[in-house]
Amino acid sequence: MPVISIEMHSTDTETKKALIKNLTKTAVDVTNIPAEKFTVFINELDSANIGIGGLTLAEIKAAQAH
């Protein structure tokens, strides 16, 4: 059973559905393994637990809102 795992910030259900669909389709196209064999895990991380350039993602988003 192939597993696809992605870690990212929290996102809405529609985005998750699109990710699952498209990641699976791409994996099937590349490997020729049937879609029903793939499992996709989306691990959502809180914005305070993601750091980019020395700042948390929460800080970056807050600065962009201004």
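The values are calculated or read from the model by the stated rules, or taken from the named source; none is laboratory data. Quantities reported herein were computed from a predicted structural model and do not represent experimental measurements. Using ideal geometry, Cβ is built from the backbone for each residue, glycine included, and neighbour counts are taken over all protein chains shown. Please note that ligands, DNA and RNA were not included when accessible areas were found on the heavy atoms of the full protein model with its side chains. Shrake-Rupley method; radii C 1.70, N 1.55, O 1.52, S 1.80 Å.
Side notes on the structure shown:
- What the chain shows is 74 Å² of accessible area per residue, with the surface traced by a 1.4 Å probe over protein heavy atoms.
- Counted over the chain, the DSSP beta bridges are approximately 20% antiparallel.
- Neighbourhood net charge (12 Å Cβ-Cβ; Lys/Arg +1, Asp/Glu -1) for I50: -3
- With Cα atoms, 0 to 90° folded angle of helix 13-31 axis to the chain main axis: 40
- In nm, spacing of pseudo-spin labels at S47 and K61 (7 Å Cα→C-beta vector): 0.3
- The chain: calculated mean residue ellipticity at 222 nm from DSSP helix runs of at least 4, using -39500 (n - 2.57): -13000 deg cm²/dmol
- Protein accessible area in the chain, 1.4 Å probe - carbon and sulfur %: 57
- Per residue, the convex hull spanned by the alpha carbons of the chain comes to 107 Å³.
- Charge tally for F41 (other residues, Cβ to Cβ under 15 Å; Lys, Arg +1; Asp, Glu -1): +2.
- Full extension of the chain between T39 and L23 gives 4.7 nm of extra length, using 0.36 nm per residue less the Cα-Cα distance.
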